[in-house]
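The values are calculated or read from the model by the stated rules, or taken from the named source; none is laboratory data. Source: prediction; values computed, not measured. No Cβ is skipped: glycine too gets one built from the backbone with ideal geometry, and neighbour counts run over all protein chains shown. The accessibility values were calculated without ligands, DNA or RNA, using every heavy atom of the protein model including side chains. Shrake-Rupley method; radii C 1.70, N 1.55, O 1.52, S 1.80 Å.
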Amino acid sequence: MNYLSIFYNRWCRLDDKIRFFIIGCVNAAISYIIFIIFILLLGEEMRQLCVVLQWAISSVFSYLNQKFFVFCTKGNYLKEYFKCCSTWALSYFLNVILLEIFVRFITNVFISQFISLLLVSVLTYILFKFFAFAKKK
């Protein structure tokens, strides 16, 4: 067994909430950076388009991270990916609604999106664990 396999096996034995938090922070940071880049390129008034672009770009990267580094599953690539996409679709719509609500109260689009992402992440974890990457009993 090589060092990478040993490290991966130890990693996968950590509690999935810890793995989700760590990988989620990485995914959220990348997603947030993508959002900021599009806001800077397209402008704040195009924030909903920026969220769509952010989601589209970060979804594949996030799926692979969730599959291999959070839930440590094997096989079922398409099935899990489509379940992830439906989870993300739900979280996307929640993100859109929360972003608009927070922008009205906070007025800063960057802070509003940061708070929205945090809240949506809780729902995403639950759906990933019990739906997208649910282990058969």
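Condition first: of a type in the set (A, V, I, L, M), open to solvent by less than 20 Å² (accessible area, probe 1.4 Å) and either farther than 30 Å from Trp11 by Cβ or in contact with a helix residue (DSSP H, G or I) (Cβ under 7 Å, 6 or more places away or on another chain) (or both). Can you find one or more residues in the stretch 86-98 that meet it? No, every residue in the stretch 86-98 fails to be of a type in the set (A, V, I, L, M), open to solvent by less than 20 Å² (accessible area, probe 1.4 Å) and either farther than 30 Å from Trp11 by Cβ or in contact with a helix residue (DSSP H, G or I) (Cβ under 7 Å, 6 or more places away or on another chain) (or both).
Taken together, the criteria exclude Lys67 from residues that are basic (Lys, Arg) and either open to solvent by 70 Å² or more (accessible area, probe 1.4 Å) or on the phi > 0 side of the Ramachandran plot (or both). Does Glu80 satisfy being of a type outside the set (Gly, Ala, Ser), open to solvent by less than 60 Å² (accessible area, probe 1.4 Å), more than 12 Å from the chain's Cα centre (by Cα) and under 23 Å from Arg13 (Cβ atoms)? Criteria met by Glu80. Selection of first residues in the stretch 74-90 that are charged (D, E, K, R) and of second residues that are modelled with pLDDT of 90 or more and open to solvent by less than 60 Å² (accessible area, probe 1.4 Å), restricted to Cβ pairs under 7 Å at least 6 apart or on distinct chains, gives the following pairs, ordered by first then second residue: Glu80/Lys67; Glu80/Thr73; Glu80/Ala132; Glu80/Phe133; Lys83/Ala132. Taking residues in the stretch 111-137 that are free of Cβ contacts under 8 Å to residues at least 12 places away in the same chain, and partners anywhere that are buried (at least 22 other Cβ atoms within 10 Å of the Cβ), the pairs with Cβ atoms closer than 9 Å and at least 6 places apart or on different chains are Ala134/Phe128. Here Phe133, Phe61, Phe128 are screened, and the one residue that is open to solvent by 30 Å² or more (accessible area, probe 1.4 Å) and aromatic (Phe, Trp, Tyr) is Phe61.
Set side by side, the residues Arg19, Arg10, Arg47 differ, and just one is within 22 Å of Ala134 (Cα to Cα), basic (Lys, Arg) and crowded, with 19+ Cβ neighbours inside 10 Å, which is Arg19.
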